[in-house]
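Structure first, then comments.
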Amino acid sequence: MTINIKKCTFEDLDLLQKISIETFKDTFQNQNSPAAMNDYLDSAYNLKQLEKELLNNCSEFYFIYLHKEIAGYLKLNLNDAQSEKMGNDSLEIERIYIRGKFHKQGLGKYLLNKAIGIARDHNKEKIWLGVWEKNENAIHFYEKMNFVQTGAHSFYMGNEEQIDFIMTKTLI
């Protein structure tokens, strides 16, 4: 199995938008109203928003490839780019998505380990993420990877408020 991870650049903007929309819809469209889904996709994954995120020095995007085919992506936030004030000793995994046909091949674990390595390279003490309270498969996966729930916050899908569990892993 040939797995490669590539840091995204500005030249990847269109592909990043495509894979972001595809994986988000595949993961959440069956549990949300079409209106809320469209509102969220329009605001979170429009080219201007993704360009802003790509150009932020405290955010990083990575594509993961399996046999030279894009299988998913990862978005990390450091310091002030974190979506919650977790401190400069923390790194946030804001997005970690694998395309449907690549599920159950260990790629999520591969990306998670990449994030942990980057956190350690930046001398971070903790790594954290938000996961929808109804995403039981993801919660179970993170628990297997030694993340624990340390809080919760609101996440808005369009105008609909949802709850994300904040899960944290201590690295030291």
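The values are calculated or read from the model by the stated rules, or taken from the named source; none is laboratory data. Just so we're clear, the structure is a prediction, and the values are computed from it rather than from any experiment. Cβ placement follows ideal geometry from the backbone for every residue including glycine, while neighbour counts extend to all protein chains displayed. In case anyone asks, the SASA skips ligands and DNA or RNA and just uses the protein heavy atoms, side chains included. Shrake-Rupley method; radii C 1.70, N 1.55, O 1.52, S 1.80 Å.
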For this session: Quick one: check the C-alpha center-to-center distance for region 63-87 versus region 131-172, whole angstrom.
Result: 16 Å
For this session: Step through the table entries Lys18/Lys124; Lys101/Lys144; Lys18/Lys114; Lys25/Lys169; Lys101/Lys126; Lys7/Lys126, compare each Cα-Cα distance with 24 Å, and write down the pairs that go over it.
Result: Lys18/Lys124; Lys25/Lys169; Lys101/Lys126
Exercise. What is the distance, in nm, between label points placed 7 Å from the Cα along the Cα-to-Cβ direction at Leu171 and at Gln105?
Worked result: 2.7 nm
Exercise. What list of ³J(HN,Hα) couplings, whole Hz, do you get for region 121-130 from phi and the Karplus terms 6.51, -1.76, 1.60, once you set θ to phi - 60° and write x for glycine and proline?
Worked result: 4, 9, 6, 7, 8, 9, 10, 9, 7, x
Seminar exercise, completed: Expected vector for region 79-92, Karplus 3J(HN,Hα) from phi with 6.51, -1.76, 1.60 and θ = phi - 60°, integer Hz, x for Gly and Pro, equals 6, 6, 6, 4, 6, 10, 7, 10, x, 6, 8, 10, 10, 9
For this session: Would you mind checking which residues have amide H under 5 Å from Cys58's amide H? H placed 1.01 Å from N; only 5 or more apart, or other chain.
Result: none
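For the chain, which whole percent of the accessible surface, found with a 1.4 angstrom probe, sits on carbon and sulfur atoms?
For the chain, the apolar C and S fraction of the accessible surface comes to 46 percent.
How high is the FRET efficiency between Leu47 and Tyr156 when r is their beta carbon distance and R₀ equals 30 Å, given to the nearest 0.05?
Values: r = 21 Å, r/R0 = 0.69.
Working from the Cβ atoms, E equals 0.90.
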Problem set entry | Projected label distance in nm at Ile21 and His140, using a 7 Å step from Cα toward the beta-carbon | 3.2 nm
Exercise. If amide H atoms are built 1.01 Å from N in the plane of the peptide, which residues on other chains or at least 5 residues away come under 5 Å of the amide H of Thr150?
Worked result: Ile166, Met167, Thr168
Exercise. According to the square roots a ≥ b ≥ c of the eigenvalues of the Cα gyration tensor, what is the shape class of the chain, taking rounded for a/c under 1.5, prolate for a/b larger than b/c otherwise, and oblate for the remainder?
Worked result: rounded
For this session: Would you mind getting the accessible area per residue of region 23-172, heavy atoms of the protein chains only, 1.4 Å probe, in Å²?
Result: 53 Å²
Problem set entry | Gained length - Glu84 relative to Ile5, 0.36 nm times residue gap less alpha-carbon distance | 25.8 nm
